[in-house]
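Beneath this line is the structure, given in structure tokens, with notes to follow.
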Amino acid sequence: MGGYGDVQLLREDGLRLDGRKVDEMRPVSIQAGILPAADGSAMVTHGLNVAVAAVYGPMEAHPRKIQRQDRAVIDVRYNMAPFSTSDRIRPGFNRRSREISKVTAESLESVVLVERYPRAKIRVEIEILAAEAGTRCAGITAASVALADAGIPMRDMIVGVASGKIEGTVVLDLDKAEDNYGQADLPVGILPNTGEIAFLQMDGDLSPEEYDLAMEYNFKAAGEIHEIMVDALKARYEESEN
Amino acid sequence: MPQLVPNLLRQEVARLAEQDARIDGRERFEGRDFTLETDCLYNAEGSAKVTMGKTVVYAGVKFEIRTPWPDRPAEGSLMCGAELRPVAHRKYEPGPPSPQSIELGRVVDRGIRESGCIDMNSLCIIPGEKVWGVMIDIHVLSDGGNIFDACGLAAIAALRTAVVPAERFDVGEDYTLPVNGTPIMASFTRVGGRYIYDPCEEEELGGDERIHITIGDEGHLHSLQKGLRGVFTPAEFAEIFKVAQNKCAELRKVVAEKEAN
């Protein structure tokens, strides 16, 4: 995390620079089924972040060495578009996107009923079109909705949310400035129906009490985002009925 | 994954062609419904989203400051690249840029560059020291056929909305990038023996060679490309060139109307 307390992130009135309360999330909107070529797709707008996910499959897994005899493999690619950040990103994989792809795939494998599709592969493509802190969470949320849109059986969806700490205060859903100059970031993937956690990362400095509070905020936000995810999927079916 | 040879599809489009019909019910030179949105990506200095039928494409413009080429000390540069990432279709695989994506990016690049709509001298900040590099990145999110036209339209629409981020680079005030012209691409594919405009996915699969024509504001040609296996006659080209003139003029009007609003 960046400089410790050298940038003011909380106003005199206790609100954050963008006027949010400490436990207030940025606005989230979700659309399902936006990419006609994909088997399932979703777009998540979370604050200024825009994440798109496409799902292809289940399909034959190849090369054969990646096949699993008893279950499907989930092949996730998280990628930031060259124009998604302030400075252009050179196209192609980097260490950050590889790591995020790996842990996202493992999280999704914990909710998708992979044992139903032995030797198969399910491709999940996450494209970040605009980034302003919190893209991995928006990507996980988008991937979950896209998997559901593709009709792939899952135990639960995963909601990506993050809390963190700025100026010694725990806050929900860090924006860009808070992420750059804050003291901690705790992105998690929550299963809203079971209350379990499938994705967990953290960096910075949190006391045990601060961790508990950050998690409490995350669970509260996950409930709110889950409703938006369900609405997006319902809207998709209302659309196709007409 | 290799595409299976779509023999039945070939037969079907050929059968339809005999009745001068198309698989999705369009006229021979009728385009699909399309939408154009500009200024739709937060971190890009110019952006556009184009949907054409089942095709969805985004383009974003970024700027960087670079040192000019020694032989052209007062000229900036323009680069246009396209990515055909696996998100766009199950046929695309991860890996280094494929020949198709390189062709796509270069054909769009030539149309914009050769139309002269960007004056490279206007991209100079300090001669011999600092010039702007303009980069248009095209991101195909859903390939439902004729991504060339969608990419060409998204690229020029994004470029025409671009704002030079001079303040962020500490070289003066932000200003709208001067763009003098709207080069537009029109693409044709041979399906069932004759050329059709704006092929959908099935027509590309069951068709043969394709021709891409980019036309500027004055009706002049700025880029041509023939792709895939096949040959054509001058008479065939003359026919589609006329169609392209009209199509490009129509699309140019849509871009202008979008900007006026």
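Since every read-out is calculated from the coordinates, none of them should be taken as a lab result. Computed from a prediction, not measured in an experiment: that's the story for all the values here. Neighbour counts are summed over all protein chains in view; Cβ atoms, including those assigned to glycine, are modelled from backbone coordinates with ideal geometry.
Counted over the range A:1-129, the DSSP beta bridges are approximately 70% antiparallel. Computed log10 I(q)/I(0) for the range B:20-260 at 0.12, 0.17 Å⁻¹: -0.67, -1.25, from the Debye equation with unit scatterers placed on every C-alpha and solvent omitted. Between A:GLY14, A:GLY160, A:GLY57, the residue with the greatest mean-square fluctuation in the GNM of chain A (Cα pairs under 10 Å linked by springs) is A:GLY14. Peptide A:114-124 has a mean shielding of 1, counted as Cβ atoms of other protein chains within 10 Å of each residue's Cβ. Tell me whether the range A:3-80 comes out rounded, prolate or oblate; compute the Cα gyration tensor, take square roots of the eigenvalues as a ≥ b ≥ c, and use a/c under 1.5 as the rounded threshold. Taking the square roots of the gyration eigenvalues as a ≥ b ≥ c, the range A:3-80 is prolate. Here A:THR104, B:THR176, A:THR85 are placed in order of increasing Cβ neighbour count within 10 Å, fewest first, which gives B:THR176, A:THR85, A:THR104. Annotation: the antiparallel percentage among DSSP beta bridges lying fully within the range B:20-260 is about 85. Counts of other chain beta carbons within 10 angstrom of each beta carbon in peptide A:219-227 average 0.
Based on Cα contacts under 8 Å between residues 6+ apart, chain A shows a relative contact order of 24 percent. So what is the relative contact order of chain B, in percent, for Cα pairs below 8 Å that sit 6 or more residues apart? Taking the mean separation of contacting Cα pairs over the length of chain B, I get 22 percent. By other beta-carbon atoms within 10 Å, ranking B:GLU202, A:GLU60 with the fewest at the front produces A:GLU60, B:GLU202. Residues B:SER187, A:SER97 in ascending order of nearby Cβ atoms (within 10 Å, fewest first): A:SER97, B:SER187. Is the shape of the protein assembly as shown rounded, prolate or oblate, going by the alpha carbon gyration tensor and its root eigenvalues a ≥ b ≥ c, with a/c under 1.5 for rounded and a/b larger than b/c for prolate? It comes out oblate by the Cα gyration axes. Among the trypsin sites (Lys or Arg not before Pro) in the range B:91-185, those located in a DSSP loop and surrounded by at most 16 other Cβ atoms within 10 Å of their own Cβ are B:LYS91, B:ARG168.
Inter-chain neighbour count for B:43-51: the average number of beta-carbon atoms from partner chains within 10 Å of each residue's beta-carbon is 4. In straight-distance terms, cross-link reach from A:LYS102 covers every one of the lysines whose alpha-carbon lies under 21 Å from its own, apart from those fewer than eight places away in the same chain; here that gives A:LYS65, A:LYS121. Which shape class, rounded, prolate or oblate, goes with the range B:1-112 when its Cα gyration tensor gives a ≥ b ≥ c as root eigenvalues, a/c under 1.5 marks rounded, and past that a/b bigger than b/c marks prolate? Note, shape of the range B:1-112 comes out prolate.
Scaling against 2.2 N^0.38 Å puts the C-alpha radius of gyration of chain A at 1.02. Here the 3J(HN,Hα) profile of the range B:164-178, calculated from phi with Karplus coefficients 6.51, -1.76 and 1.60 at θ = phi - 60°, is 6, x, 5, 5, 4, 9, 6, 10, x, 9, 4, 8, 5, 5, x Hz, Gly and Pro shown as x. Step through the table entries B:LYS226/B:LYS258; B:LYS62/B:LYS247; B:LYS91/B:LYS226, compare each Cα-Cα distance with 26 Å, and write down the pairs that go over it. Beyond 26 Å between Cα atoms: B:LYS226/B:LYS258; B:LYS62/B:LYS247. For an R0 of 35 angstrom, estimate the FRET efficiency from the Cβ-Cβ distance between B:GLU37 and A:GLU216 and round to the nearest 0.05. Efficiency, rounded to the nearest 0.05: 0.35. The calculated 222 nm mean residue ellipticity attributable to helices in chain B amounts to -9500 deg cm²/dmol, summing -39500 (n - 2.57) over DSSP H runs of n ≥ 4 and dividing by all residues.
Among the trypsin sites (Lys or Arg not before Pro) in the range A:1-98, those placed in a DSSP loop whose Cβ has at most 12 other Cβ atoms within 10 Å are A:ARG11, A:LYS21. Average projection, convex hull of the Cα set of the range A:65-206: 9.4 square nanometres. Extending 7 Å from the Cα toward the beta-carbon at both B:ASP170 and B:ARG72 defines two label points whose distance is 2.8 nm.
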